[in-house]
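Report on the structure given below.
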Amino acid sequence: MPDTKSIAIACMSGSLKGVFAHGVLYGFEEEGFKADAYACCSSSTVPTTYAAIGEIRNQGFGNWNDSDDILSKPGTSMSDVVLHGIELYSPRVIEKLQDKDTSRLMIVCSYVNNAEAAKLTRGSSAVTLGRKLIIQGARHISEWRDKNLELHVFDTQSEIEDLKLNTDNYKEVVYATTRMLHGWHIPATINGKPYIDGSYTCLIPVIPLAERGYKNIIAIATEPGDIYEDFFSNKPIGKHVNESNVYWIKPDEDLKNLGVDFMKATKEGFERVFQYGIDKGKLFLSSQTNFLL
């Protein structure tokens, strides 16, 4: 169990809005701050893993700008955007994943626990199901999720071998956690088992960190206002989870107002939101010296 003074960071999903989390983490690293553990979901995963190895300033910003160019080509989807980023950035993370200086890393994914549901997540039926789940999520109807999905936390320190995040499954896990059914046309598997986006079962892995004993959790959100446990939940995560304190960093307004929406953004918007995240991260550090010492 981690020491009560240890600090963990949880990063939220958000498709292209993940550039905000990237900016916050970049600002942290510029100030020399590195957490004991990092947990992430969906589009925040690549920058979070770079933060865990202590090299987010080396990751670069190009992948976000590449996304608009990739999506403008006929026949492409967010699958192509994510796979491009994985191929570009995963080699360095894989190289350093098991180094002693790398922080503990957790990535949440949604396991599809039966063959019938898994079939629906593949091919043309996946888009139909994905759109249906968006409607159900807005209405907080979780029946399909409750019946067919399980939250799995892939963790570099997991004692469960199938859930241990390692150099062999890293790429599969990173892709699987991003796969929203309505916008990703390529299915995701980890060790041959079907998975979809972590957001369906966990929007931001604050609770998994609290369950693992981290007493101070910095939660980086990609939306303003209340942040909920998962895609279907109407239960917001507050400032305390069990015995853990949660310190939120959120944008003050919807990032689409700054030029970055879930699946559409301008290059100027990416740059604006990235810098906004950097500023938010540095402001947070300057105001929270009580537990960072």
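Which whole number in µm²/s is D for the chain by Stokes-Einstein, with the Kirkwood Rh taken over Cα pairs at 10 °C and 1.306 mPa s?
84 µm²/s
Rounded to the nearest 10 Å², what accessible area does K147 have for a 1.4 Å probe in the complete protein model?
150 Å²
Compute from the Cα atoms of the range 169-240 the Rg and the Dmax, the latter being the longest Cα-Cα distance, and quote both in angstrom.
13.9, 39
When the helix-only estimate is applied to the chain (DSSP H runs of n ≥ 4, each -39,500 (n - 2.57), divided by the residue count), what is the mean residue ellipticity at 222 nm, nearest 500 deg cm²/dmol?
Calculated from helices alone, the mean residue ellipticity at 222 nm is -12000 deg cm²/dmol.
Only four residue types carry charge here, +1 at the Cβ of Lys and Arg and -1 at the Cβ of Asp and Glu. Report the dipole size of the chain about the Cα centre in Debye, rounded to the nearest 20. Intermediate results must be reported in sequence, preceding the final value.
On the way: 31 positive and 38 negative charges, 91 e Å.
My answer is approximately 440 debye.
Can you give the convex hull volume of the alpha carbon atoms of the range 134-293 per residue, in Å³?
So the per-residue hull volume is 156 Å³.
Largest first, what is the accessible-area ranking of L283, L16, L120 with a 1.4 Å probe?
Working: L283 105, L16 10, L120 70 Å².
So, going from the largest accessible area down, we get L283, L120, L16.
If I model a spin label at N58 and T167 as a point 7 Å from the Cα along the Cα→Cβ vector, what separation in nanometres do I get?
1.5 nm
Using the 4.7 Å Cβ rule, please list in number order the cysteines from the chain without any candidate partner.
Taking the Cβ cut-off of 4.7 Å, the unpaired cysteines of the chain are C41, C109, C202.
Extent of the range 6-133 along each principal axis, from alpha carbon coordinates, in Å, largest to smallest?
46, 34, 24
I'd like the per residue volume of the convex hull spanned by the Cα atoms of the range 77-193, given in cubic angstrom.
Value for the range 77-193: 113 Å³ per residue.
The values are calculated or read from the model by the stated rules, or taken from the named source; none is laboratory data. Computed from a prediction, not measured in an experiment: that's the story for all the values here. Counting neighbours? That spans all protein chains shown, and the Cβs are built from the backbone with ideal geometry, glycine included. The accessibility values were calculated without ligands, DNA or RNA, using every heavy atom of the protein model including side chains. Shrake-Rupley method; radii C 1.70, N 1.55, O 1.52, S 1.80 Å.
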